[in-house]
1. Using only Cα atoms, find the angle between the long axis of helix 149-161 and the longest principal axis of the chain, and express it within 0 to 90 degrees, rounded to the nearest 10.
2. Where a ≥ b ≥ c are the square roots of the eigenvalues of the C-alpha gyration tensor, would you call the range 81-375 rounded, which needs a/c under 1.5, or, failing that, prolate if a/b is larger than b/c, or oblate?
3. Rounding to the nearest 20 debye, state how big the charge dipole of the range 81-375 is about its Cα centre with +1 on each Lys and Arg Cβ and -1 on each Asp and Glu Cβ.
4. Got a sec? Charge dipole of the chain, +1 on Cβ for Lys and Arg, -1 for Asp and Glu; which of Leu404, Leu101, Val325 is way out at the positive end?
5. Using the Cα centre of the chain as origin and beta-carbon charges of +1 (Lys, Arg) and -1 (Asp, Glu), tell me which of Ala296, Ala114, Ala436 is placed farthest towards the positive end of the dipole.
6. Could you work out how far helix 245-254 tilts from the main Cα principal axis of the chain, as a 0 to 90 degree angle to the nearest 10?
7. Starting from the 7 Å offset along Cα-to-Cβ, what nm value, one decimal, do you get for the label separation of Asn259 and Lys198?
8. With a cut-off of at most 12 other beta carbons within 10 Å, and DSSP calling the residue loop, which GluC sites (Glu not before Pro) in the range 62-109 qualify? Please list them.
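No lab work stands behind these numbers, since they all come straight from the coordinates. Not measured: the values here are computed from a predicted model. Cβ coordinates were reconstructed from backbone atoms using ideal geometry, including for glycine residues, and neighbour counts include every protein chain displayed.
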Amino acid sequence: MQSNFSPSSVPTRHAIRGALLDFVADPFYYPELECVRYFPDGLLVVESGLIQAVGDYGSLQAEYSDLPTTHYSNQLIMPGFVDTHIHYPQIEMVAAYGEQLLEWLNQYTFPTEAKFQDESYARKIAACFLDELLKNGTTTALVFAAVFPESVDAFFTEAFQRNLRMIAGKVMMDRNAPDYIRDTTESSYEQTKQLIQKWHKKGRLLYAVTPRFAVTSSDRQLQLAGQLLQEFPDVYLHTHLSENVKEVALVSELFPDSNGYLDVYDQAGLVCHRSVFAHGVQLTDAEFERLSAAQAAIACCPTSNLFLGSGLFKFDRAKSRAHPVKLGMGTDIGAGTSFSLLQTANEAYKVAQLQGMSLSAFKSLYLATLGGAEALNLAEQIGNFTPGKEADFIVLDLQATSLLKLRNPQVPPTLETLADTVFALTILGDDRSIQATYIAGELAYERIGSTGASSGAYSSAHASAS
């Protein structure tokens, strides 16, 4: 199976025809069918990288009949996936055997990340990483770099060249790690400040202040991270929280004056509406309530939590009506085992089932699109097909494998029948289900040879005038 990662040269104003699915509200709190927008034969109009119009093809055809139009038949078009927690330096250590979190970090992660002081090496890995994201339909991600500023420069350089909406930051860690992977309290502040000034809001790039987790940061380093949030109030805070039982116990030992893991960050001024905390498996009810009050977000990472034996995320607590917490899904490469948010949804379903809760496909796909955008405070820019938003979207092949072809013989004609089709997609789908990925309206990746797929880059052969 061939793939094409070359950006296409498309007209600044063009249209995409096919089955369109997106979300307009949170299905955890409202009737599911009222949260879903579905056009079995829809038209998506793009101009200068933004969505201009969306609706039923029959209703919009006359108004836009002059536009070059790409028609994806028997396929499903959705907003691009949003990965709310992932580590780009860990791509080459995915599937590292045998350890839980703390041992895994020392045995595998730190030696791997040490390579990223070499910017040329980091750029090579960043390019591979971004290609994998596009191949899996992920158009926006919140990304850990390594402790070295060179790793951030490499990542942002590659992402900028691709015109991607990406958020990333330099890891801050001044203790409880080998010398070769540590920074210092002051250097972490100065380097982070310089990187913010260099990269934040350059193109579609955004910066996240990134202490690795409380175990590897001193009180002073966390305080300086909080100071950076005060100095640059529109950057993000991205870190780990309550992932593993041993980790939570160690944090309690290291911070005896805190009232729990989240309070360590709270005392440093790191719990706010632009904070994203990965995992949250071991959170207490009081911590969920505090996250809700602060309007902070959690990135749920089921493949990672299962692989490292960390535990089962409590969806019911995060999405409670009394204390709702913004929630997105993260693949958490490299403890996570797949770049695919479809496969992440697969594991999320099983995690919920083990706790007596059925996680519908609409809920999972909401978390992977609009929910992820809301968790990252980007719902005004991405997440659904509302006109004016950035035109990052994907084309899903509902028949990408022989089993899916048997399971999904046609594009569902109604919203009710769609629920069964997309559930099968979230359980059986993976990168093979991504037929195409568009960035700012331009074809950035296409899987050539899929069932019902158009071939080649955007061209007269690729499009059918409609």
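1. Taking Cα atoms only, the helix is inclined about 10 degrees.
2. rounded
3. 960
4. Checked the options; the winner is Leu404.
5. The residue sitting most towards the positive pole is Ala436.
6. The angle comes out near 40 degrees.
7. Those two pseudo-labels are separated by 4.1 nm.
8. Hits after loop and neighbour filter: Glu63.
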